[in-house]
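The values are calculated or read from the model by the stated rules, or taken from the named source; none is laboratory data. Here the structure is a predicted model, which is why all the values come from computation and not from measurement. Using ideal geometry, Cβ is built from the backbone for each residue, glycine included, and neighbour counts are taken over all protein chains shown.
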Amino acid sequence: MEPTASMTSSILSWTIFLPLAGVVVLAAMKNAQVRSVKIVGCTASVVTFAVSLFLWFGYDAAAGGFQFVERVAWISSLNISYHVGIDGLSLLLILLTTVLTPLALIGTWNSITNRVRDYTIMILVLEVAMVGVFAALDLFLFYVFWEAMLIPMVFIIGMWGGQDRVYAAVKFFLYTLVGSLLMLVAILALGYAASQMPGGQFTTNLLDLYAVGPRLASSIQLWMFLAFALSFAIKVPVFPLHTWLPDAHVQAPTAGSVLLAGVLLKMGTFGFMRYCLPLFPEAALRAMPYVATLAVISIVYGALVAMVQTDIKKLVAYSSVSHLGFVMLGIFSMTEEGMQGAMIQMVNHGLSTGALFLLVGMVYDRTHTRTIDDYGGLAKVMPVFAAAFLFISLSSIGLPGLNGFVGEFLVLLGAFRSTALHSTAYAAIAATGVILSAVYMLWMYQRVMLGPTRESGKYGGNYVFDIGRREIGVLVAIAVLVVWIGVYPASLLTKSAGTARNLIHMMDQMQRGQMPRYAESPIELLPGTAR
Amino acid sequence: MPMISNAPLIVLFPLAGFLLIGLLGWKYRNELVIGIVGSGVIFLSFATAVGVLFEMASLPEEARRSTVQLFPWIGTFTGTSGSLGVSVGYQFDQLSILMTLIVTGVGFLIHVYSIGYMHGDKGYWRFFTYLNLFIFAMLNLVLADNFVLMFFGWEGVGLCSYLLIGFWYEKTFTGDAAKKAFIVNRIGDFGFLLGMFLIMRTFDSLSFTSVMSSASVMPTGTPVMFWIALLLFVGATGKSAQIPLFVWLPDAMAGPTPVSALIHAATMVTAGVYMVARCAPLYALAPDVLMIVAIVGAATAVFAATIGLVQNDIKKVLAYSTISQLGYMFLAMGVAAFSAGIFHVMTHAFFKALLFLGSGAVIHGMHDEQDIQKMGGLKKYLPVTYATFVVGAIAIAGIPPFAGFFSKDEILWNAFSSELGSPVLWTVGALGAVLTAFYMSRLVILTFHGKERFDHHHVHPHEAPKTMTVPLVVLAGLSFVGGWLGVPASWGLGNVVEDWLNPVFEPARHKLMLAEHESHAAEFTLMTISVVLAASGIYAAWRWYVQHTDVPDRIAGKFARTYRILLNKYYVDEAYDAVVVRPTQTASDKFLWKGVDVIIIDGAVNGTAKVIAIAAQTVRRVQTGVAQSYAMVIVAGIVAVIAALLFI
């Protein structure tokens, strides 16, 4: 994974930090200037999206590898640098972020009424951190972005959330922090290990560490893998580390849920692909059956629990656990199909679940209830909304021709064909998720949308009206992407192919024992532990 | 080859219709324009398919198969050999073009019929949107040149089925029926998916061409082929409503009647049969699965027919009849009589579409009444409907020279004579034939003959408009002559359908080493028996429902328990609910969510937080802010460390 120096411009840094320009402008404004604040926020995120398109069209998929690489010395004494660059995986996720952020802002235009300026600042800061996480090629820089993301998210949930927002925010914060502190220890240990290499020195440069991690002794690798994996698994979230998610989602304001489900969860699965696998391939192979098992449990468990939820938002939250289980299964199938499926499934889940949260937000803005039993026959009074909801639901349950199918199919096929997993049972059990997703989505859809309309015409005590142009526009934008990916996924899969190929190649080498190792003198990271 | 290169248009016309009506229909609600566009695109597809057929026929037999690739669809795009890569591509051969003609031909007639039937419905544009989308999906299913695209069509028709069953979404039961159809189909699709994965694992490909050609050199009876064939068949039982997944189809009658005719009788539900036929080379490698297919088919044929005996909803009778007839088709597949099965798909499409559309005309004329106990004597009010309905009934009952006779008889003969068949399978099939003749006659008599049992003050039966009766007449004609394309070889005439399809199925039959049986005497004997059986079924119905109308009630009274079981469809729905649905819900709710999630995991999380909080509260007291006590602790620490270094 050598960086290609084809593009040396700083377009990637522009993409990362452009939202800060919006923050600067907003800082000079007041909360009361609601409309101007919203316009500034949207403009900043839309311009960021426009700039990110240069990445999309500029990325040379044929060449593969990391592109748009920038490197500036930061803390020279520790070899820490501002080092960013993207491969196909980061490209997809950065675009997902820059697409979802403006859509989330526009889609919830009227949802937030208090301290709008502060809220918009938080969203923009969040965007910087999210894009930064995906672009970082230095572990220290990655960690900074990773933690930086936490702060605006906690505020978004804790200040603009629902009734139990403080409990949810604290739970989210603690869960995430526990994981990331261990990760910090592992990052430092890895940097130290680099210095123990012949002629080596302390570094957090990911590309250098790619040559260090795989050479570590098995036991060390395993501990480091676990430290990273715990942090990422919480974020995904993988069963049984998922219970922060339903609370955080239910309490978060709509835009928070959209970005939380749409982008933040992908940081976990992204972390596995960018860090856990290539840095600690041997440990990853050892952990494979366990992680795959947890992934399958997440798929089935998330779906079953989603089925019996009484709150729409919670249902969607648990469905995320199920869908992200597919991503995890794909990654740990260690096949090209699985990897490709996992990557495109990340994008798909971001779009579909992001859209679902937007939809739930739209109806909540009108009715102020999320309880399924409070609804019924909504399709008659909100036909456009009902059609959009059905369309996104179908995308979410993986109807062929729409985006969700591509990812699920590749993942399941990859898991089924995986020789490393030694069993087709993983895929066979995971495939029941295909049935269960139809059960929970269509059952919810039926209870909310179909059947006789309320006699009173009131939902949650309010008369409702169908969605308007702004809301339709946002949904149409997502729908176009949903169809596009479903019909012509090649446009995404060709971009991410290099990443999949490299990871699989590396894992193959590992399995065949061809990975260059210092077998005769395993690195003694901590005296006495590496045997 | 000018026609073949344009052949993808067959698929694209309905797509264009779907987009046009779907995007503009809600705004310009002109019924005439929508109806003409909606039907017109299907006619264009049909016409193109006819062109392709003629071109194909003009070619030598071995040159008739061709494929057209459009663009790459799903794959890894990594360039690694053996990794997945499927395209949107269509395959035109004798089998797929025949199926295309059925789908677009019958589909066109039903579109025309719908112009009249759906008149005045506020969802008129929506109806035609869904209908065109259905044809698009169905044609993808039929014409796909690989499993994944077939699956796209497979699930696509399932979606349209969902949308159209739930078309009148303000009613409660339509939502239930639609959801049930989708979910039960998904259970089948689960099998289809796993089957595909296993094929990919075995053949490193999902394109029909390469899978089938690899299969031709594989040994028979291996476990992997058993599982591939069985898993695909699970998919087929879902889509084609066979035991144990048939439960959705009767409920699907909640949709508008043209939908029942098009999707739940003539085309979509035969997709499972088509899929097995398409995969004949794979099934040829799994004779055990073929036996399972035959048994399931025969069992379903009789099982559904017995339920059909006592149903009182005109559409429900036809629904169970469809399940039963689909059983015959699978019976054919199971004894490797692939052509016979596809032939029955064709004739069934004619007469069952006719019967459903006829029932639609009755329901239309009776102001949405579906209970045949509240009908009777309708023949004088709906003469065209009556005449055509009778043609359909005779055709399905298996009376020569109507269409159903030829196809059903070919299946029964093969069930008896094939090396994969047996006299038992024939007997079961023949029993089903008696039942079929009986319940169809009962349906005709109770609907059109006898006393008028409806309320004359509220119901004024009337014949349907031209747009509805013309399709009925056309279908009646097809139900009459359609069978002549497959006259048994023993009659000394050419069996056009079998000859046409032969090149497609020859490799599979060759693999199974099936010989042609030329015992004409036996064939004639069995044929005579089955005609006599059908006639006696009709006679029994006539005796009991025209002459001695007290008999049915007496029988029902005498065998009250059996009658109740049949009336309640063997309580299968109730059993599924009690064994699968409710336990899953309860376990998910009480155990997984409120148990594992809330009590165990969150309990642990909150418990840890609480312990830390209490610990922090305690430890906090140490921070007194008094410098002297801090100094004391430091000194104590130093002493302890020095002591440790010295003495340990």
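Filtering the range A:266-295 to residues that are closer than 30 Å to B:Thr584 by Cα and surrounded by fewer than 24 Cβ atoms within 10 Å (Cβ to Cβ) leaves A:Met288, A:Pro289, A:Tyr290, A:Val291, A:Thr293, A:Leu294.
Residues being within 14 Å of chain B (Cβ to nearest Cβ), within 17 Å of A:Ala306 (Cα to Cα) and at pLDDT 90 or above are entirely absent from the range A:399-413.
Are any of the residues in the range A:217-240 surrounded by fewer than 24 Cβ atoms within 10 Å (Cβ to Cβ) and charged (D, E, K, R)? Scanning the range A:217-240 turns up no residue that is surrounded by fewer than 24 Cβ atoms within 10 Å (Cβ to Cβ) and charged (D, E, K, R).
Taking A:Phe228 as the residue in question, decide whether it is more than 30 Å from A:Ile392 (Cβ to Cβ), in a helix (DSSP H, G or I), within 18 Å of the chain's Cα centre (by Cα) and not hydroxyl-bearing (Ser, Thr, Tyr). Taking the combined requirement at face value, the residue satisfies it.
Of the residues B:Ala271, B:Ala319, B:Ala241, which single one is within 25 Å of B:Leu101 (Cα to Cα), touching a residue at least 24 places away in the same chain (Cβ under 8 Å), touching a Leu at 6+ places or on another chain (Cβ under 6 Å) and not in a helix (DSSP H, G or I)?
Being within 25 Å of B:Leu101 (Cα to Cα), touching a residue at least 24 places away in the same chain (Cβ under 8 Å), touching a Leu at 6+ places or on another chain (Cβ under 6 Å) and not in a helix (DSSP H, G or I) holds for just one of B:Ala271, B:Ala319, B:Ala241, which is B:Ala241.
Filtering the range B:380-395 to residues that are hydroxyl-bearing (Ser, Thr, Tyr) and either assigned to a helix (DSSP H, G or I) or modelled with pLDDT of 95 or more (or both) leaves B:Thr385, B:Tyr386, B:Thr388.
Here is a yes/no grid of residues against (1) part of a helix (DSSP H, G or I); (2) hydrophobic (A, V, I, L, M, F, W, C); (3) surrounded by fewer than 22 Cβ atoms within 10 Å (Cβ to Cβ); (4) free of Cβ contacts under 8 Å to residues at least 24 places away in the same chain:
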{"position": "B:Ile4", "(1), (2), (3), (4)": "yes, yes, yes, no"}
{"position": "B:Leu12", "(1), (2), (3), (4)": "yes, yes, yes, yes"}
{"position": "B:Ile21", "(1), (2), (3), (4)": "yes, yes, no, no"}
{"position": "B:Val33", "(1), (2), (3), (4)": "yes, yes, yes, yes"}
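Looking across the range B:199-216, just one residue is within 14 Å of chain A (Cβ to nearest Cβ), surrounded by fewer than 18 Cβ atoms within 10 Å (Cβ to Cβ) and not in a loop (DSSP other than H, G, I, E, B), and that is B:Arg201. Out of the range A:317-365, which residues are over 15 Å from the mean Cα position of the chain (by Cα), part of a helix (DSSP H, G or I) and among the β-branched types (Val, Ile, Thr)? Hits for the range A:317-365 are A:Val360, A:Val363. Looking at the structure I just gave you, is A:Arg370 within 11 Å of chain B (Cβ to nearest Cβ) and not aliphatic (A, V, I, L, M)? Here the answer is no, as A:Arg370 does not meet what is asked.
So in the range B:79-135, with the set limited to residues that are of a type in the set (D, E, K, R) and outside any helix (DSSP H, G or I), which one is surrounded by the most Cβ atoms within 10 Å (Cβ to Cβ)?
If we filter the range B:79-135 for residues that are of a type in the set (D, E, K, R), which is where we start, we get B:93, B:121-122, B:126.
Adding the requirement that they be outside any helix (DSSP H, G or I) leaves B:93, B:121-122.
Numbers: B:Asp93: 19, B:Asp121: 15, B:Lys122: 7.
Per the criteria, the residue is B:Asp93.
Note on the range A:414-469: residues that are among the basic types (Lys, Arg) and at pLDDT 85 or above amount to 3. For the range B:156-178, residues that are at the interface with another protein chain (Cβ under 8 Å from one of its Cβ atoms), surrounded by fewer than 24 Cβ atoms within 10 Å (Cβ to Cβ) and not hydroxyl-bearing (Ser, Thr, Tyr) total 5.
Among the residues of the range A:445-470, those that are within 14 Å of chain B (Cβ to nearest Cβ) and touching a residue at least 12 places away in the same chain (Cβ under 8 Å) comprise A:Tyr445, A:Arg447, A:Val448, A:Met449, A:Leu450, A:Gly451, A:Pro452, A:Thr453, A:Arg454, A:Gly457, A:Asp466.
Of the listed requirements (1) within 14 Å of chain B (Cβ to nearest Cβ); (2) hydroxyl-bearing (Ser, Thr, Tyr); (3) within 27 Å of B:Phe190 (Cα to Cα), A:Thr243 misses just one: (3). Selection of helices (runs of 4 or more DSSP H) fully inside the range B:545-628 by the criterion of at least 3 residues being surrounded by fewer than 14 Cβ atoms within 10 Å (Cβ to Cβ) returns B:551-558, B:560-567, B:582-586, B:602-620. The set of residues in the range A:428-444 that are within 7 Å of chain B (Cβ to nearest Cβ) and either in contact with a Cys (Cβ under 8 Å, 6 or more places away or on another chain) or touching a residue at least 40 places away in the same chain (Cβ under 8 Å) (or both) comprises A:Thr432, A:Ala438, A:Val439, A:Leu442, A:Trp443. Taking every residue in the range A:131-147 that is under 20 Å from A:Gln67 (Cα atoms) and pairing it with any residue that is among the aromatic types (Phe, Trp, Tyr) and in a helix (DSSP H, G or I), at least 6 positions away or on another chain, the pairs with Cβ-Cβ distances below 6 Å are A:Gly132/A:Phe145; A:Val133/A:Phe145; A:Val133/A:Trp146; A:Ala136/A:Phe142; A:Ala136/A:Phe145.
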